[in-house]
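Computed from the coordinates by the stated procedures, all read-outs in this text should not be read as laboratory data. Just so it is clear, the structure is predicted and the values come from calculations on it, not from any experiment. Please note: Cβ atoms are built from the backbone with ideal geometry, for glycine as well, and neighbour counts cover all protein chains shown.
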């Protein structure tokens, strides 16, 4: 351990000046099978609430078909807003229904899964002696294990992995660091009766989630958001989140790209709340017509009822606003959704289309944007949820072997690199 300015204790491992790399393309020997008696997903949860994988291995190892457990399905990026003004501003950090969890979390680290603290998630555990870890951050720049750069082959083969040379579908076990995080929060009293979702923008690489001592879920997928409905696990007052991150789950067999390999909760984390009946997802298309002079706004919505069974019909009202904040239509597009047509917890869907005369088209040279505001109304007409999305009217097509935007051929230039900063890494 070492102490840095500010009193933060750091455990440092340095290999090759702090950046390990493997340059050999030779195939390793067969891996030693990971011990089946390793702790499985039942840690901290009774068997009735969490079902272990049937092969006796945990989700992160030798279960390449398990991508997530208990996570919400993917949806459009949005934030519930209090009113139209917030929706038009479209600042997703500015909402009474959002609670940010960025900042210092309690943190401890183990070089391999067998050495991790099996009780770290307990609500009666004293973590006052733990280090702190900023979130978002990769843990390597903060002093834990080391970054690995590779342009081919895998980071756990050879010396980095202590010559275990794991083979798919097994994850490495000799060197597979685990980071354990803890953070408390107070549930806003105004959220009483609403659904509470916990949202991770990015976690590298696989992680388990506990809330108030109960295991809630597992997810892999480093560069895509992970979201969990934790309503049934939180209460008024103080609540505890515990997260256990594995550097190399079995899903990392699919992440063999030219990049610096890093770990941790490296993108923002926040809570947000929704009404029991809520707009869960939506999709907006902008088909152009009449020689690219006019268009339609096509909206598909999914409304979910997480309360008692209802026979009512809800309405999703969509209004389009120009860059000056003025409505495009005199009356909004209205899409009816019969939530009684499905069981609670399932999506009831609806679609609608409305013409847009002479829209200002989007292109790279002229990135004109509109704002679509979607409001969910209950059977009485009261607005229960307001969200928004920036919309560009454009057509992408490949014709005669050429990529075209709004009918015009385009050339693309780009770089194939993950985001990286010399001080903050991928955070």
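Annotations
- Between residue 347 and residue 309, residue separation times 0.36 nm minus the direct Cα-Cα distance comes to 12.4 nm.
- Inter-label distance for residue 51 and residue 418, nm, one decimal - labels placed 7 Å from Cα along Cα-to-Cβ: 3.3 nm
- Computed FRET value (nearest 0.05) for residue 77 with residue 411, which takes r as the C-beta separation and R₀ as 30 Å: 0.60
- Relative contact order (percent, whole number), region 159-263, Cα cutoff 8 Å, 6+ residue spacing: 35 percent
- Considered as an equivalent ellipsoid built on the Cα gyration tensor, region 160-246 has semi-axes of 32, 13, 10 Å, the largest given first.
- Alpha-carbon centroids, region 259-328 and region 340-357: separation in whole Å: 11 Å
- The orientation-averaged projection of the convex hull spanning the C-alpha atoms of region 277-409 amounts to 9.4 square nanometres.
- Projected label distance in nm at residue 399 and residue 258, using a 7 Å step from Cα toward the beta-carbon: 3.5 nm
- Overall shape: oblate for region 204-333, with the ratio a/c of the largest to smallest alpha carbon gyration tensor axis at 1.5 or above and b/c at least equal to a/b.
- Here the extension length gained between residue 152 and residue 122 equals 6.8 nm, from 0.36 nm per residue of separation less the Cα-Cα distance.
- Labels on offer are (i) 43, 24, 20; (ii) 42, 28, 21; (iii) 52, 42, 20, and the one holding semi-axes √(5λ) of the Cα gyration tensor in Å computed from this structure is (ii).
- Region 103-136 versus region 374-427: alpha-carbon centroid distance in Å: 37 Å
- Taking packing as the residue-averaged number of other Cβ atoms within 10 angstrom, the listed peptides 134-141, 278-285, 418-425 run from highest to lowest as 134-141, 278-285, 418-425.
- Theoretical gain in end-to-end length, residue 357 to residue 276 [0.36 nm per residue, Cα-Cα removed]: 25.5 nm
- Ordering of 119-129, 265-275 by packing [mean C-beta count within 10 Å, highest first]: 265-275, 119-129
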